Structures are given as C-alpha cells and as structure tokens.
Amino acid sequence: MKASVYYAKGDIRYEEVALPDIGEGDLLIKMKACGLCGTDIHKAQHQTVTGPVVLGHEVAGEVVKAGHNVQGFKPGDRIITAIHVPCFTCHYCDRGHFTLCDQFKKTHIEPGGFAEYIRLPELHVKHLTHRISEKLSWEKASLIEPVGCCLHGLKSANIHPQDTVLVMGGGTIGLLSAQLARLKGAAKVIVTDISPFKLASSKKLGVDHAINSAQEDVVARVAEITQGLGVDVVVIAAGISSLLTEAVSLLRRGGRVIVFSPFDHNSEIKVDASRFFKDEISIVGTYSLSPYEMKEALDIIENNKINVDDIITHRWPLSGLAEAIGFAANPANEVIKVIMTDGD
C-alpha cells in the first residue's frame, strides 16, 4: 500500500509501505479522509518527531477487514476513530485526566492517518471507533476528532449562559471552539487573529466580534465590548506563549483561561499573579480528547449543530502531503482546514 512518510523537514515521501496485519480484535480500514492537524504541521516544520513516521490522526474510513473477535463492525461500515486510548483505571483516569494517563500516548493507529490502509487496534475498536451515517461526507466526518478535542477543552471552561468568550486564534481549533462556545450557551463570542481572511471567516460562522490584533488594541476593544468588565472565558488557540499574559489581563473576575495550543518548551511569560487571589481567576491547560467526547462530537457533526463546511478550505490527495503542509504553514495563504483524501 502507499503512504506519505515523513523523514525530516522538507522530506516527505509518497512510497510503498507494508500493509498492516490485524489481530483478532482489530479492524483494517481504508482511509477516505484525514484532516491535516496543526500538530501535524508543527511536527513536520519543527522536526519534533524522528522519521520515518506516518503522521495523521483525524481519520474517517471504511472497514475492509475485521478480526474474528470484533463485534459491532463489519466490512463496508463507514467509521471514524481517534489516536489515543486511556486505561480508565489509573490515578489520572480516576480523576478525569484521561489524556495524562501513562497508557494514553502509548496507543496508536498503525501506521498513521496519512496511509491508504490503517489498522485500528482492539482498544481503539472498543473505545474510540463509531459508525457514521451514509449522509455524512467523509470530509466532515474527519472533523469529528478535532471537534471532540475542542469539547474536551471547553469542559474546563465551564461556560454559563450569558458568558462572553474570547478565542485567540482563528484557525480550525479557534473557529470550532468559537461555535461550540455559542452552542454551550455563550451570549457573546469574540475572535482575535492577524489574518483578515480568518477574521472574515469567523464572522461568516456567526462570531459577534472579530478583532485584528495586528491593527487594533485588543484590550481597548474588549473593554468596549464588555463595558469594562472583561471576558468570562479566554480560549488560546494559537501557539504564542505571550498571549497568556494578555489573556489574563482580559479576564473578568472569576474568569478562566483555557490553553489549547502547544507553547515552546521553557517559555517564560509574565502575568499579574495578584489576580489569582483577589479575582479568583484560573488558567487550565488542555490536550487532545478522551473517548467520552467522541460521541458528543459525532452528534454535533451529524446533526449540523455547527458549521464545519466553511472551515474546510482545501483538499489534497494523499500523495500531495508535502505540498499541503507547505501551503498550510505559509501565513500568506488563505487557508483554514486542509483535508487529505484517498483520491489521486
């Protein structure tokens, strides 16, 4: 079978790789669509993984073979899945921190999402894999995993009716989070970014205020929008550590910052530490998703509760992964979500 294999920065090869063998509890699926995640781009551009490796995890596909012990799935089923499975019983899982589980990152799909065929191990089949309806396109189905990630993050946001939510970053995660915040009851949603295209897209998706942080004073604009009170929730969806300083300054008393983006290691920032005591603010980090968010994300996508069609801006065949990453990584391009497909 073919796969797009990452070797090093600028070196991604569309080449023949071994077809995975499946065990009695596994599934073999044909990849139909796989979203290009910001983490895939980050890994490829910043060489945070060692090649050769097949990236990709936002997978939608069709079952072509099922192990003897698999129940509930058969060849021909249309499915979605995700990449990591917790143990459900350790110290972290007992406390609801499933993504901190020692088993979590040890579990993987094989060889990765950017391959023609993918093995889903037994744990994935049991806990992360769901059938999707015939009416749902493969492209939209591949967004179920990132929607689940956003839901996982927003659980910590604890959004209340009439809250004002600020999302820093107008990429895929930012625009999904903005819509989900509204779905969770937020009265006002604000998005900041430096891209006019992404800001225009956010308005198309129903955001109340789109602020160009390169051209406008974000603090002044937020004060104007909130009558000087600040926002109840800030979601940081851009990998710029200095945004945390600004996020803390924009919070209303009792507000929460959700950090949903990888910052550089050993990043040093300054925040007004007095606010933790006098204003009871909080900062929470969030990563990936647990199996519990998958069903909710599936329901949201299948029932069109948010708009994902206008987030998908580009499509590339599996053989064009190197070009797709280069295009998506260029800030001059008007791009939000790239989907890799099984077509030529």
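The values are calculated or read from the model by the stated rules, or taken from the named source; none is laboratory data. All values reported here derive from a predicted model rather than from experimental measurement. FYI the Cβ positions are ideal-geometry reconstructions off the backbone, even for glycines, and counts take in every protein chain you see.
Residues of region 238-290 that are aromatic (Phe, Trp, Tyr) and assigned to a loop (DSSP other than H, G, I, E, B): 260, 263, 287. Among the conditions (1) more than 18 Å from residue 183 (Cα to Cα); (2) buried (at least 17 other Cβ atoms within 10 Å of the Cβ), the only one that residue 224 does not satisfy is (2). I'd like to check something: does region 117-133 contain any residue that is buried (at least 17 other Cβ atoms within 10 Å of the Cβ), assigned to a strand (DSSP E or B), touching a Gly at 6+ places or on another chain (Cβ under 7 Å) and assigned by TED's automatic domain parsing to the domain that holds residue 15? Checked against the condition, which is being buried (at least 17 other Cβ atoms within 10 Å of the Cβ), assigned to a strand (DSSP E or B), touching a Gly at 6+ places or on another chain (Cβ under 7 Å) and assigned by TED's automatic domain parsing to the domain that holds residue 15, region 117-133 yields at least one hit.
Residues in region 183-203 that are in contact with a Gly (Cβ under 8 Å, 6 or more places away or on another chain) and part of a loop (DSSP other than H, G, I, E, B): how many? Total meeting the criteria: 1. Taking the criterion of being more than 12 Å from residue 231 (Cβ to Cβ) and either surrounded by fewer than 20 Cβ atoms within 10 Å (Cβ to Cβ) or in contact with a Lys or Arg (Cβ under 9 Å, 6 or more places away or on another chain) (or both), the residues of region 163-175 that qualify are 169, 170, 171, 172, 174, 175. If you go through region 76-92 and keep only what is outside any loop (DSSP other than H, G, I, E, B) and surrounded by 15 or more Cβ atoms within 10 Å (Cβ to Cβ), you end up with 78, 79, 80, 92. When restricted to residues that are more than 17 Å from residue 237 (Cα to Cα) and assigned to a helix (DSSP H, G or I), region 204-225 contains 8. Of all residues in region 93-107, those satisfying the criterion of being buried (at least 17 other Cβ atoms within 10 Å of the Cβ) and within 27 Å of residue 180 (Cα to Cα) are 93, 98, 99, 101, 104. Set side by side, the residues 29, 22 differ, and just one is assigned to a strand (DSSP E or B) and in the same structural domain as residue 133 (by TED's automatic domain parsing), which is 29.
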